[in-house]
Structure formats: structure tokens, C-alpha cells
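All remarks here apply to the structure that follows.
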Amino acid sequence: MITQVRVKTPAKVNPVLEVLSKRPDGYHELSLIFQAIALFDELEFIRGGDGLRFEVAESPEPLAADDSNLVVKAARLFLKEVLQGTADVLIRLKKRIPLAAGLGGGSSDAAATLVGLDLVFNAMAGKDHLQSLAAQLGSDVPFFLSGGTARGRGRGEAITPWEAAPEMPLVLVKPRQGLSTPAVYQSGKAEFSPGQRTGDFQKLLPEKSLPKLAGSLFNSLQPAAFYLMPEVEKLRDGLLKAGALGALVSGSGPTVFGIAESREAAERIAAQMGGEGRMALATHSLGSGIQVLERQ
Ligand code: C5P
């Protein structure tokens with residue numbers, strides 16, 4: 001019997017995020033591209049003990065280990081809908097993806113919780129069932145079940161996996177403060193877009209030209225992030241000045257990512273962009289998603 005599972009789960013950036021319209025349910029209709037990146041959280045699932053327990057074993061910033069955490073919400077949903085009862089399991093999170101950053105860390109943890117519990121309880125819920133649970137947990141969660149490069153529609157939850165994009169060396173820069181996703185959507189500063197840019201980016205992928213991809217980055221929410229946190233615009237300009245081929249706010253921000261011409265260039269730019277409480281790191285795009293590290 002399997003009693004212990006350990007997985008690592010990536011962050012994401014959005015090379016294109018188009019807000020098409022405002023929906024009657026309060027959400028926004030999107031056409032966007034998700035790209036997994038090589039920055040990971042790690043989760044462990046250990047059967048035993050008494051009931052559902054959740055522990056934050058490591059985190060760069062304070063993180064509540066209570067019911068407000070998306071890991072706990074995902075676990076409760078899985079227990080109710082798949083196991084149809086309670087279960088004895090400890091979930092331990094090692095957090096490395098910055099919080100409230102636009103990098104999808106909480107959503108990635110939620111998806112990894114569904115996958116980890118499915119494996120440790122040998123529940124075999126099936127892909128469609130996990131996708132539907134993921135969509136209930138948040139608009140970005142279903143993407144992390146597939147990872148790599150994918151297109152999102154609807155709230156962002158309707159995912160079509162694509163062939164992986166060519167490897168993009170990336171630099172991430174995040175100010176000390178986070179940004180609230182609802183605040184960004186509700187700022188009234190989003191630039192609506194008809195949906196053309198998602199397809200334009202897709203058509204460029206086979207060419208594998210980093211300068212062309214960098215020239216086609218687009219995010220409807222970028223003006224809103226600049227408005228709410230003017231420092232973000234300075235970081236975008238700083239990345240371009242330091243040699244990034246293109247730079248864009250990721251998701252609802254405030255992280256800005258730049259595409260660099262090589263991994264060495266990404267390291268050099270990251271070294272230049274750090275300081276003053278900012279996070280600056282070099283990473284790259286990833287053709288995969290959640291990875292199982294250990295199953296015993
Ligand atoms: O789906 P999720 O819980 O991640 O969304 C968080 C918030 O972001 C929503 O409550 C809404 O304010 C905003 N949002 C939106 N349109 C989307 C996705 C998110 O307005 N497509």
C-alpha cells in the first residue's frame with residue numbers, strides 16, 4: 001500500500017492575457033496562454049494520524065496554515081467529492097513560489113493537492129473529475145494539472161494543452177508587496193482586447209524565435225497593475241534597459257517577467273535587478289507540470 005507521496009509543482013507566467021469582456025457573474029471572460037516555469041513548491045502527503053492536517057514546513061513569507069489556504073480547500077473538496085468522507089492524512093508544504101505574485105503559486109499547490117491525494121489514497125478519480133474539482137477551486141487551478149504550455153478560455157479554467165513552447169530563458173522581478181487579484185480586475189484600468197493576440201502568439205511558436213515571441217507579449221491587466229503599484233512599471237522598464245528582449249506583468253501582477261536571449265543573459269539581468277527588498281531570479285520555461293518525486 002502507498003503511504004507517502006512527494007510532488008513538486010511549478011509556478012506559471014502568462015505570455016498573453018486578453019480580457020475579452022466582463023461577465024454577468026462578476027468574472028471576466030479571458031483568452032490567455034499559460035506557461036509553466038522552473039520555480040517550484042513541494043508537497044508531501046503522508047497517510048496516518050488523526051483526520052486532515054496541514055503544515056507549512058518552509059515559506060519565504062508568513063503563510064496561514066488554516067482553512068483559508070487553498071491546499072486545505074482542495075483537500076476538503078477531494079475528501080468530500082472523491083473519498084466521500086474523512087481521511088487521515090498529513091499534508092506538508094514547502095513554499096518557494098512568492099505569494100500574491102501573479103505566478104499562480106496557490107493555484108499550483110491546490111492542483112498538486114488533488115494529484116497527491118489521488119495518488120496516496122489510490123483513488124483513481126480520473127482526469128475529468130480532477131479537472132472539474134480544480135475549476136471549483138479557482139480559475140488558474142486546472143492549468144496546473146497539465147502544465148507545459150496551454151491556452152485558457154472562459155474564466156481561464158477551460159484549458160487546451162499546446163505543444164511546449166521553445167525554451168524561454170526568463171528573469172522574474174517582484175516588488176516586496178503583493179497585489180490582490182480582485183483589486184486588479186476591479187480597478188477599471190484593464191485594457192480590453194478582442195482575442196487576436198493569443199492566436200498571433202501561437203502562430204509564432206513553431207519559428208522558435210525568442211525576439212519575435214518577446215515582441216508579442218501582451219497583458220490586458222498590465223495597465224491596472226501599473227496604476228495600483230507604479231513601481232511595477234519601473235521594474236518593467238528596468239528589465240528592458242538591462243537587456244531583456246521583452247518584459248510583461250505576469251497575470252494580475254505584481255511580478256514582471258522578462259525574456260532573455262540565453263540562460264547566461266537571464267542570470268546577468270537578474271543580478272542587476274535585485275536589491276531594495278525585491279526578488280529577482282533567473283529561471284526558464286518548462287515543458288511539464290506536476291512531477292512525482294517519491295511514492296512509497
Ligand atoms: O477564480 P479565482 O478565485 O482565482 O479568482 C479570483 C478573483 O479574480 C475573482 O473573484 C475575480 O474578482 C477575479 N477574476 C475575474 N475574472 C477571471 C478570473 C478572476 O474577474 N477570469
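The values are calculated or read from the model by the stated rules, or taken from the named source; none is laboratory data. Nothing here was measured: the structure is a model prediction, and the numbers come from that model. Backbone-built Cβ (ideal geometry, glycine too); neighbour counts: all protein chains shown. All accessible areas refer to the heavy atoms of the entire protein, side chains included, with ligands and DNA or RNA removed. Shrake-Rupley method; radii C 1.70, N 1.55, O 1.52, S 1.80 Å.
At a glance:
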| quantity | calculated |
| --- | --- |
| Test: residue in segment 10-21 that is within 20 Å of Q196 (Cβ to Cβ), in contact with a Pro (Cβ under 8 Å, 6 or more places away or on another chain) and open to solvent by less than 30 Å² (accessible area, probe 1.4 Å) | yes |
| Any hit, segment 31-39, residues being within 14 Å of the ligand (Cβ to nearest atom), of a type outside the set (A, V, I, L, M) and surrounded by fewer than 24 Cβ atoms within 10 Å (Cβ to Cβ) | yes |
| Search result, residues across segment 253-276 that are in contact with a Leu (Cβ under 8 Å, 6 or more places away or on another chain) and either without any contact (Cβ under 8 Å) to a residue 60 or more places away in the chain or at negative phi (or both) | P254, T255, V256, F257, G258, I259, A260, E261, A266, I269, A270, M273 |
| Segment 70-97 - residue that is touching a residue at least 60 places away in the same chain (Cβ under 8 Å) and open to solvent by less than 10 Å² (accessible area, probe 1.4 Å) and, of those, nearest to the ligand (Cβ to nearest atom) | A74 |
| Scope segment 167-209; condition part of a helix (DSSP H, G or I), away from the ligand (no atom under 16 Å from the Cβ) and open to solvent by 40 Å² or more (accessible area, probe 1.4 Å); matching residues | Q196, R197, D200, Q202, K203, P206, E207 |
| Cβ pairs under 7 Å, 6+ apart, first in segment 125-146 and assigned by TED's automatic domain parsing to the domain that holds L103, second of a type in the set (S, T, N, Q) and more than 10 Å from the ligand (Cβ to nearest atom) | P142/Q131; F144/T9; F144/S108; L145/Q131 |
| Residue list for segment 120-164, restricted to those being touching a strand residue (DSSP E or B) at 6+ places or on another chain (Cβ under 7 Å), part of a loop (DSSP other than H, G, I, E, B) and within 12 Å of the ligand (Cβ to nearest atom) | P142, R155, G156 |
